[in-house]
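Input: a single structure, listed below in structure tokens.
The values are calculated or read from the model by the stated rules, or taken from the named source; none is laboratory data. As the structure is a computational prediction, the values presented were derived from the model and not from experiment. Cβ: placed from backbone, ideal geometry, glycine included. Neighbour counts: every protein chain shown.
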Amino acid sequence: MLAKEHIEDLLNKRGDVLSADGNKIGSIGEVYSDDDSGQPTWVTVRTGLFGMSESFVPLETARVEGNDLVVPYSKDQIKDAPRVDTDGHLEPAEEDRLYKHYELGGNRTYTEAREGTDADFAATGRAGTYDTDNTRGTVGRDTSGPTTDDAMTRSEERVNIGTEREATGRVRLRKYVTTENVTRTVPVQREEVRLEREPITDANRGNAMSGPELSDEEHEVTLHEERPVVEKETVPVERVRLDKETVTDDVTVDEQVRKERIETDGIDDTRR
């Protein structure tokens, strides 16, 4: 178990709580000491977003490593510990729940250990927040370190919101070939035979009488016609590129913050 002289150094250096394999579980929050012996018995670990969640961890088997505290528990086991208000003091019933979760003292509860059912636990008392001056009744500590004087520092959480960039998708520009039918109407010409008859006149009589009187004769005419001829060529029609632009959206963030309140007893002062 840690000695008292280790506590102030851990709190001032704002170290972290690590698991046995060296992974960070969270930052050190509050250290709770036994009311009777003054020995540190519990520490809170701040986890979650902005360290808003605090879980209790026993110091019975913890060790100091540099500015950090190493405990033999996993992050999941610590985050699953019973929820206990970090109000500066642990009640026996609260410590019973924590003892059972961490399986401390075998099958004994904290209450049984405190009543002296085992010599190893006989000196254990209720745990309160650690006080480096051994001043009983002091609840909490200054955020800058252990309580060192008769003043109390009031603190509150503030939400610091920033942004980070992350990849959300990839867009590729790709082209492929498709086939479609194109229909066009093209005019074509062709030659056809037309039979023309003309009477014998003085103008054509000579040509008509130039051959034999009776004979066999053939005469042929070659006919022509047009047909469609299709040629294809590839021509550029447009250029396509990918570009991106930045747009701005408004996102509403809803977060809870905690504030400490300071009350006074015995004087007429309502200030907070």
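I'd like the residue in segment 72-113 that is modelled with pLDDT under 80 and outside any loop (DSSP other than H, G, I, E, B) and, out of all such residues, is surrounded by the fewest Cβ atoms within 10 Å (Cβ to Cβ).
The qualifying residue surrounded by the fewest Cβ atoms within 10 Å (Cβ to Cβ) is THR111.
Restricting attention to segment 196-233, report how many residues are part of a loop (DSSP other than H, G, I, E, B) and closer than 30 Å to ARG184 by Cβ. Talk me through it step by step, then tell me what you get.
Step one: filter segment 196-233 for residues part of a loop (DSSP other than H, G, I, E, B), giving 196-204, 209-224, 226-233.
From the residues that got through so far, the ones that are closer than 30 Å to ARG184 by Cβ too are 222-224, 226-233.
So the answer is 11.
Taking only pairs six or more apart or across chains, which ones have beta-carbon atoms under 6 Å, a first residue in segment 161-182 that is more than 17 Å from LYS244 (Cβ to Cβ), and a second residue that is at pLDDT below 90?
ILE161/VAL253
Taking the condition of being surrounded by fewer than 21 Cβ atoms within 10 Å (Cβ to Cβ) and either of a type in the set (A, V, I, L, M) or within 19 Å of HIS101 (Cα to Cα) (or both), how many residues in segment 35-53 meet it?
Start the filter on segment 35-53 by keeping residues that are surrounded by fewer than 21 Cβ atoms within 10 Å (Cβ to Cβ), which leaves 35-39, 46-53.
Retained after the next criterion (residues that are either of a type in the set (A, V, I, L, M) or within 19 Å of HIS101 (Cα to Cα) (or both)): 46-47, 49, 52-53.
Of the residues in that region, 5 qualify.
Return the residues of segment 54-71 that are among the hydroxyl-bearing types (Ser, Thr, Tyr) and surrounded by 21 or more Cβ atoms within 10 Å (Cβ to Cβ); say none if nothing qualifies.
SER55, the sole residue that qualifies.
Go through segment 45-64 and count every residue that is modelled with pLDDT under 85 and under 12 Å from ASP16 (Cα atoms).
Looking only at that region, the number is 2.
Look at THR270 and say whether it is at pLDDT 90 or above, part of a loop (DSSP other than H, G, I, E, B), closer than 30 Å to GLU54 by Cβ and under 46 Å from the mean Cα position of the chain (by Cα). Reasoning before the result, please.
Values: at pLDDT 90 or above: no; part of a loop (DSSP other than H, G, I, E, B): yes; closer than 30 Å to GLU54 by Cβ: yes; under 46 Å from the mean Cα position of the chain (by Cα): yes.
Spelling it out, it is not the case that THR270 is at pLDDT 90 or above, part of a loop (DSSP other than H, G, I, E, B), closer than 30 Å to GLU54 by Cβ and under 46 Å from the mean Cα position of the chain (by Cα).
Checking GLU260 against (1) over 30 Å from THR86 (Cβ atoms); (2) touching a strand residue (DSSP E or B) at 6+ places or on another chain (Cβ under 7 Å): exactly one of these is not met. Which one?
Status for GLU260: all satisfied but (1).
Kindly indicate the residue of segment 175-215 that is hydrophobic (A, V, I, L, M, F, W, C) and under 60 Å from the mean Cα position of the chain (by Cα) and also nearest to VAL229 (Cα to Cα) among those meeting that condition. If you could, list the steps in order and put the result at the bottom.
First, pick out the residues of segment 175-215 that are hydrophobic (A, V, I, L, M, F, W, C): 177, 182, 186, 188, 193, 195, 200, 203, 208-209, 214.
The next check asks that each one be under 60 Å from the mean Cα position of the chain (by Cα); those that pass are 177, 182.
Numbers: VAL177: 24, VAL182: 14 Å.
Residue satisfying both the conditions and the ranking: VAL182.
Of all residues in segment 184-214, how many are out of contact with any Asp or Glu (no Cβ under 8 Å at 6 or more places or on another chain) and either touching a residue at least 12 places away in the same chain (Cβ under 8 Å) or within 30 Å of LYS232 (Cα to Cα) (or both)?
Counting residues in segment 184-214 that are out of contact with any Asp or Glu (no Cβ under 8 Å at 6 or more places or on another chain) and either touching a residue at least 12 places away in the same chain (Cβ under 8 Å) or within 30 Å of LYS232 (Cα to Cα) (or both) gives 6.
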